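Enquirer: The structure follows.
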Amino acid sequence: MLLEMEQEDVDVPSRRVLITGATGLLGRAVFKEFNENNWNAVGCGYRRAQPRFEQINLLDSIAVHDIIHDFQPHVIVHCAAERRPDVVESQPDAASQLNVAASANLAKEAAGVGAFLIYISTDYVFDGTSPPYKETDVPNPLNLYGKTKLEGEKAVLENNEETAVLRIPVLYGEVERLEESAVTVMFDKVQFSNKSANMDHWQQRFPTNVKDVAAVCRQLAEKRMLDPSIKGTFHWSGNEQMTKYEMACAIADAFNLPSSHLRPITDSPVVGALRPKNAQLDCSKLEMLGIGQRTPFRAGIRESLWPFLVDKRWRQTVFH
């Protein structure tokens with residue numbers, strides 16, 4: 001009882017979490033999730049940091065060392081990455097610096113203060129030929145993005161064996177700009193139905209809401225505080241299988257918009273970085289720990305895209 005009384009007197013929660021990439025799509029959701037669930041959360045970003053988040057260049061090892069030693073986090077969630085496959089192909093050195101070298105350094109610094117590091121990775125570590133993939137399956141990335149994220153996984157685990165690697169698929173959620181997510185970026189093509197739009201109907205994806213990933217990160221962190229055996233590699237994913245064409249149709253459906261102008265393209269894409277055909281992640285390891293959260297795609301996408309709806313008049317018919 002005394003302990004409870006003491007905690008009530010303190011305004012700042014005693015559990016501390018540091019989030020990298022807190023200005024990004026996933027990082028914002030992770031920050032919010034911890035912040036709203038009795039954690040003292042500090043977010044850091046780079047280009048878009050001020051005034052809300054600490055501005056840290058993750059390639060500056062002294063700055064990284066200083067914030068970790070000053071804040072002494074119990075948990076670090078490492079969301080920062082170059083996650084656009086085509087950008088990684090065109091800027092391989094910069095991508096490798098952020099995805100591998102900065103991650104390795106962060107793992108070392110986390111070990112130095114005894115912090116539990118959650119490294120966010122990707123389903124693109126797999127080649128997509130024999131889904132679903134368990135954590136123990138052998139990775140075989142097809143593109144440089146997948147390779148740099150896999151190298152990052154190895155680097156963090158080598159530098160800090162108390163790390164968790166969390167592999168996740170394509171993300172969507174509350175975006176600042178439609179281009180922030182490969183899912184939401186389709187909304188303009190869906191809305192402007194006066195011209196036909198080609199949509200990939202080859203690659204099988206599992207769109208995953210950043211709020212759900214954020215909840216998984218928090219649940220993982222909280223379980224880890226009670227159980228030091230929580231470490232190693234984990235998978236989390238939405239469970240609705242959709243091509244981009246099917247996502248676009250679901251988006252149209254969610255907003256009562258026509259979809260007849262959307263054209264399914266069933267050939268494998270010839271431009272840009274190679275993509276795995278189906279890198280479905282098996283999530284049973286986390287599910288068996290009682291960890292997880294899944295928002296139905298239509299509900300999640302409606303919430304995410306509502307602010308970007310050009311013609312708000314349909315609202316009358318749906319809600320009244």
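The values are calculated or read from the model by the stated rules, or taken from the named source; none is laboratory data. Here the structure is a predicted model, which is why all the values come from computation and not from measurement. For neighbour counting, all protein chains shown are included, and Cβ atoms are generated from backbone atoms with ideal geometry for every residue, glycine included. Calculation scope for accessible area: heavy atoms of the full protein, side chains included, ligands and nucleic acids excluded. Shrake-Rupley method; radii C 1.70, N 1.55, O 1.52, S 1.80 Å.
Enquirer: When the accessible area of segment 37-153 is computed with all protein chains present and a 1.4 Å probe, what percentage of it is carbon and sulfur?
Expert: Working: 2510 of 5250 Å².
The value for segment 37-153 is 48 percent carbon and sulfur by accessible area.
Enquirer: Expressed as a whole number of Å, what is the distance separating the alpha-carbon centroids of segment 257-292 and segment 187-217?
Expert: First find each Cα centre; the distance between them is then 9 Å.
Enquirer: OK, next. Using a basic spin-label model with each label point 7 Å from the Cα along Cα→Cβ, how many nm lie between Ser90 and Asn256?
Expert: A separation of 4.0 nm, rounded to one decimal place.
Enquirer: Treating cross-link reach as a plain straight distance, find the lysines whose alpha-carbon is under 26 Å from the alpha-carbon of Lys223, omitting any fewer than eight places away in the same chain.
Expert: Hits, sequence-local ones excluded: Lys32, Lys108, Lys134, Lys149, Lys154, Lys211, Lys231, Lys285.
Enquirer: Can I ask one more? Over all directions, what mean area does the Cα convex hull of segment 135-236 project, stated in square nanometres?
Expert: On the way: hull surface 34.5 nm².
Over every viewing direction, the Cα hull of segment 135-236 projects on average to 8.6 nm².
Enquirer: Further question: Working from the alpha-carbon coordinates of the chain, get Rg over Rh, Rh being the Kirkwood radius. Mind showing how you got there, number by number?
Expert: Details: Rg = 20.1 Å, Rh = 20.5 Å.
Radius of gyration over Kirkwood radius for the chain works out to 0.98.
Enquirer: A follow-up question, please. Only bridges with both residues in the chain count here: give the DSSP antiparallel percent, nearest 5. Walk me through the numbers on the way to the answer.
Expert: Values: 1 of 33 bridges.
In the chain, approximately 5 percent of DSSP beta bridges are antiparallel ones.
Enquirer: Mind checking the per residue accessible area of the chain for me, 1.4 Å probe, whole number of Å²?
Expert: Numbers: 15370 Å² over 320 residues.
Roughly 48 Å² per residue, with all protein chains present.
Enquirer: A further question on this structure: Below 8 Å, C-alpha to C-alpha, sequence gap of six or more: please give me the relative contact order for segment 233-309 in percent.
Expert: Values: 39 pairs, mean separation 38.6, N = 77.
Relative contact order comes out at 50 percent.
Enquirer: Gain in length, Met225 to Val271, computed as 0.36 nm per residue apart minus the alpha-carbon separation, to one decimal in nm? Intermediate values should be presented prior to the final figure.
Expert: On the way: separation 46, 0.36 × 46 = 16.56 nm, distance 4.52 nm.
Taking Met225 through Val271 to full extension adds about 12.0 nm, to one decimal.
Enquirer: What full-extension length gain, to one decimal in nm, is calculated for Ala101 and Ser193 as 0.36 nm per residue of separation minus the Cα-Cα distance? Walk me through the numbers before you get to the answer.
Expert: Working: separation 92, 0.36 × 92 = 33.12 nm, distance 4.45 nm.
Residue separation times 0.36 nm, minus the Cα-Cα distance, leaves 28.7 nm.
Enquirer: Sticking with this one: Multiply the residue gap between Asn140 and Val185 by 0.36 nm, knock off their C-alpha separation, and tell me the result in nm, one decimal place. Write out the running numbers ahead of the final one.
Expert: Details: separation 45, 0.36 × 45 = 16.20 nm, distance 2.77 nm.
Separation in residues times 0.36 nm, less the Cα-Cα distance, equals 13.4 nm.
Enquirer: Let me ask something else about it. Of all the Cα-Cα pairs you can form in segment 51-192, what percent are over 20 Å apart? Numbers along the way, then the final one.
Expert: On the way: 5271 of 10011 pairs.
Across segment 51-192, Cα pairs with separations above 20 Å total 53 percent.
Enquirer: Suppose the Debye formula is applied to equal point scatterers at every Cα of segment 89-151; what is log10 I(q)/I(0) at q = 0.12, 0.17, 0.19, 0.22 Å⁻¹?
Expert: -0.37, -0.67, -0.79, -0.93
Enquirer: Order the following by accessible area, largest value first: Val210, Val87. Probe radius 1.4 Å; ligands, DNA and RNA are ignored. Walk me through the numbers on the way to the answer.
Expert: Details: Val210 5, Val87 35 Å².
Listed by decreasing accessible area, they come as Val87, Val210.
Enquirer: Please list, by residue number, everything in segment 143-181 whose backbone N is under 17 Å from a paramagnetic label point 7 Å out along Cα→Cβ of Phe308.
Expert: 170-181
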